[in-house]
Amino acid sequence: MNGEYVLSIAKDKVLAADNTKNENLPAYNSGVIKVDDQDRPTIASVQKVHASQYKVKFSEPVKSLTGANFSAKYVADGTTLSVGTTGTEDIVLDTTDLQLKGELLVNLNTAVKSNKEIELKLVGAVDWNNNLLSPNPASISLTKGESDGKASEVTDITVINPQKLEIKFSEEVVKFGTAAVDVSGNTVTKVEQDKNDKTKFIIELISPLSVGYGNVSIDADAIIDLSGEGIKAFSKAIQVKEDTEAPELTSAVIQKDGRDGYGYLVVKFNKDVYKNSNFSSGRIYQNSNNQ
């Protein structure tokens, strides 16, 4: 990426932040921007978020990392630990904010022993100009905290609609993957923590549940609380009632998309709706706000 660049924005191509007014930014030309990045990224800080999670912050954003960039072992006896991003490893990496913020979350799973120092070694990380991490490899010291001895429990399950459930726990738990919860054998496609109540999670399914009774189950230790204590095994029947109330259209407005210049008809409903086979156009999109 080193070189000379000019950032040019054509008139009426980029929407202002409040795009509900359909106001576009004026034309802009930055002039010549010289880029000569020779600085190698470093590990700026390692923060313990809670007993089973660390946040590693780099001096700048870095390109994607996988388990192949890492190795881990207990310092005392050299026993190795698996590292990866699938959620099944001993040490699970969350790279969501890595490329934009330069932040990496390191989660220590239930199999990791408490109060045992771990050496996590990183090799081959590069920034967006392919400058290599300094030093390379770099080592990080981790220690899982002692669990509190009190397993968290599921206290409530709410069927929001046949394709979306809300699960409430007795205390805050570490965000978990889609494989942690089984809903009548249906594939879980999304797990999202409630913004206002961190003990609640919204579970979305790949297809709607049939009207009648189903089952939600979670294996023991599939989810952990902030102290690293595994959840108790859980299973409960749920009832999916027939929904006879048709969704209502509450608003419809034309909005111009600054990314492609097209105008889109944005329609909003009073409840969650899902696209079916009648919506085959490549320019029909759905967000999480019933739009």
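For the reader, a short list of remarks on this structure follows.
- So SER207, is it more than 16 Å from the chain's Cα centre (by Cα), modelled with pLDDT of 90 or more, outside any strand (DSSP E or B) and small (Gly, Ala, Ser): yes
- Check on LYS190, free of Cβ contacts under 8 Å to residues at least 40 places away in the same chain, assigned to a strand (DSSP E or B) and under 16 Å from the mean Cα position of the chain (by Cα): yes
- Test: VAL56 is out of contact with any Asp or Glu (no Cβ under 8 Å at 6 or more places or on another chain), assigned to a strand (DSSP E or B), modelled with pLDDT of 80 or more and open to solvent by less than 100 Å² (accessible area, probe 1.4 Å): no
- Considering (1) without any contact (Cβ under 8 Å) to a residue 40 or more places away in the chain; (2) small (Gly, Ala, Ser); (3) open to solvent by 70 Å² or more (accessible area, probe 1.4 Å), the lone condition that ALA76 does not fulfil carries the number (1).
- Scanning the stretch 17-46 for residues that are of a type in the set (Lys, Arg) and at pLDDT below 85, we see that the one that is nearest to the chain's Cα centre (by Cα) is LYS21.
- Selection status of VAL49, out of contact with any Asp or Glu (no Cβ under 6 Å at 6 or more places or on another chain), modelled with pLDDT under 95, assigned to a strand (DSSP E or B) and open to solvent by 40 Å² or more (accessible area, probe 1.4 Å): yes
- Scanning the stretch 163-214 for residues being closer than 19 Å to ASN107 by Cβ, charged (D, E, K, R) and in contact with a strand residue (DSSP E or B) (Cβ under 8 Å, 6 or more places away or on another chain) gives a total of 5.
- Candidate set: the stretch 151-161, residues that are in contact with a Ser or Thr (Cβ under 8 Å, 6 or more places away or on another chain) and part of a loop (DSSP other than H, G, I, E, B); chosen: the one surrounded by the fewest Cβ atoms within 10 Å (Cβ to Cβ): GLU153
- Top-ranked residue of the stretch 237-254 - restricted to ones that are in contact (Cβ under 8 Å) with a residue 40 or more places away in the chain and among the charged types (D, E, K, R), ranked as surrounded by the fewest Cβ atoms within 10 Å (Cβ to Cβ): LYS241
- Take the conditions (1) part of a strand (DSSP E or B); (2) at pLDDT 95 or above; (3) open to solvent by 50 Å² or more (accessible area, probe 1.4 Å); PRO135 misses just one of them, which is (1).
- Restricting attention to the stretch 80-110, the residues that are β-branched (Val, Ile, Thr) and open to solvent by less than 70 Å² (accessible area, probe 1.4 Å) total 6.
- Residue selected from the stretch 192-236 under the condition surrounded by fewer than 18 Cβ atoms within 10 Å (Cβ to Cβ) and among the hydrophobic types (A, V, I, L, M, F, W, C), by the criterion nearest to SER52 (Cα to Cα): ALA220
- When residues of the stretch 111-125 are limited to those that are β-branched (Val, Ile, Thr) and at pLDDT 95 or above, the one surrounded by the fewest Cβ atoms within 10 Å (Cβ to Cβ): VAL123
- For THR143, the stated conditions hold: it is open to solvent by less than 60 Å² (accessible area, probe 1.4 Å), assigned to a strand (DSSP E or B) and polar (S, T, N, Q).
- Considering the stretch 28-46, the residues that are of a type outside the set (Ser, Thr, Tyr) and open to solvent by less than 80 Å² (accessible area, probe 1.4 Å) include one that is nearest to ALA138 (Cα to Cα), namely ILE43.
The values are calculated or read from the model by the stated rules, or taken from the named source; none is laboratory data. Treat the numbers as computed from the prediction; the structure is a model and nothing was measured. Because the Cβ atoms are built from the backbone with ideal geometry, glycine has one as well, and the counts that use them run over all protein chains shown. Protein only, heavy atoms only, side chains kept; ligands, DNA and RNA dropped before computing areas. Shrake-Rupley method; radii C 1.70, N 1.55, O 1.52, S 1.80 Å.
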